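Each remark here refers to the structure printed beneath this line.
The values are calculated or read from the model by the stated rules, or taken from the named source; none is laboratory data. Source: prediction; values computed, not measured. Cβ atoms come from the backbone with ideal geometry, glycine included; neighbour counts cover every protein chain shown.
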Amino acid sequence: MNELVWQQVLPHFGVSRGNAKVMPLGNGHINDTFLVRSETCDFVLQRLNTLVFPTPWELVGNAERISRHLGAKRISGEYLLQVVSPHACCNESLGVDLGEDGFWRAIGYLAHSTSIEVVESPLQAQLAAHAFGHFARSLSDLDANLIHDVIPKFHFLPGRIETLRQAASQDSLGRLAQCSEWVDFALGQTGLFDELRELEPKLPLRICHNDTKINNMLFDKRDMSAMAIIDLDTCMKGHLMYDFGDMVRTFCSPEAEDSIALDKVVARPEIFGALATGYTQAMGEVLTDAERQSLWLGARIMPLMIGVRFLTDHLQGDTYFHIHRENHNLERAANQFTLYQSLLDQQATLKPMLG
C-alpha cells in the first residue's frame, strides 16, 4: 500500500501516518487487512473487496447490529466471549469510501489474542466448535431478517455447480485440460441436491457466521482459552448446517487447505467427534431435530462447494480468491475434493457421532 493511501485513510480513524505503525495482519483470501498501532489506540483496518462485497455499507451495518446484540448479552452475562466491535470513523461513520482507493472500515483489536491455521488436537476443535455454537445460540433471538444478504445465495450448491459448468464450457483461459478430471468429479456430485431439497424446507432461518474457519476464532494466548469470534463480513441469514460444515472443512484435515500433500488430507475422526460434541452442546435445545439431522449434509457440502468455488476461480482467472503462486486455486480445489472424498469414505464412522 503506498504512502499516499495511508495519508488519506488513517486520519479518518483518528490517527496520522506520522504517529502510527501499520503492518499486514492475517492471511485472508478476500480483503486487505492491517493492524494499526498508534500512541492512542490499536485497531484492525481493512480495505473491503467491493467486487466480492458490492454493498459495503450493508456489510458494516450487519456487523454493527450483531456486535451490539452480542455486547448487550455480554453485559448481562449471557454471552461469555469478547465482542469485536466496529471502530468508528471520527465522524462516527462505520466506514469511509475513498473511491478508487477503496472502502475502508476498522474494528477493535483484542490484546493477547492469537489464531491458529491447523487444528492440532481434539481439545482445540471442541473449544472452537463450542465457541461458534455459543455465538450462533446467542444470535438465535435476533431477527434474521434484520441482516442483509451481502452475497446472495452464498451457500447454494446447485448455483455453484452450475457456475462451474459454465466456466468449464467457456474455458476462456484454456485451463480446462489440466483440471478436467476434477471438473468431472465435481459435476458428478449432484446427488446431494436431492438431500437439500428434502431437508431445507424443514430448517429454521438463522443468523449464520458463514465462514467458521479455525482462524476466525481467536484464542487467548495466555491460556489458549476461547476468546472471540471474528470476521462477521459474511454473517447472513441461512442454515446452521453450513457453519458446522465449514468447521468440518477447516478443522478436520491435518493439512492446510492449500496443501498439495493429498495423501495426508484426511478427515480425522477424533476431530470430527470433538466438533460434533462442542457444537451441539453449545447449541443445546436451540438446535432442532431437523437441524441436527442436517449437520452431516453440511459436513459434506462445504468441502465440495468450496472446492467447486476454488476450481471455478481457477478456470476464470483467479479473480475472487487471492493467490500466491501459479495454480494455487487448482491446488486448493484438489485439496478440498480429497477431504470431501475422505468424509464419504468414513460415513459409517462419522455420521453416528452427530447423534
Can GLU291 be described as crowded, with 20+ Cβ neighbours inside 10 Å and at pLDDT below 95? no
Residues in the range 314-331: is at least one at pLDDT 95 or above, surrounded by fewer than 18 Cβ atoms within 10 Å (Cβ to Cβ), more than 21 Å from ASP171 (Cβ to Cβ) and assigned by TED's automatic domain parsing to the domain that holds ALA168? yes
Qualifying positions in the range 108-166 - surrounded by 15 or more Cβ atoms within 10 Å (Cβ to Cβ) and touching a His at 6+ places or on another chain (Cβ under 9 Å): GLY108, TYR109, PHE132, PHE135, ALA136, SER138, LEU139, LEU142, HIS155
Selection from the range 204-223 of residues under 22 Å from PRO158 (Cβ atoms) and either free of Cβ contacts under 8 Å to residues at least 12 places away in the same chain or surrounded by fewer than 17 Cβ atoms within 10 Å (Cβ to Cβ) (or both) yields PRO204, LEU205
Strands (runs of 3 or more DSSP E) contained in the range 32-125 and holding at least 3 residues at pLDDT 90 or above, more than 21 Å from the chain's Cα centre (by Cα) and of a type outside the set (S, T, N, Q): none
Going by what's in this entry, would GLY284 be described as in the same structural domain as SER169 (by TED's automatic domain parsing), in contact (Cβ under 8 Å) with a residue 40 or more places away in the chain and under 30 Å from LEU176 (Cβ atoms)? no
Residues of the range 236-264 satisfying the condition of being aliphatic (A, V, I, L, M), crowded, with 24+ Cβ neighbours inside 10 Å and in contact with a Ser or Thr (Cβ under 6 Å, 6 or more places away or on another chain): MET241, MET247
Qualifying residue in the range 20-27 (condition: in contact with a Leu (Cβ under 8 Å, 6 or more places away or on another chain), in a helix (DSSP H, G or I), without any contact (Cβ under 8 Å) to a residue 60 or more places away in the chain and surrounded by fewer than 18 Cβ atoms within 10 Å (Cβ to Cβ)): no
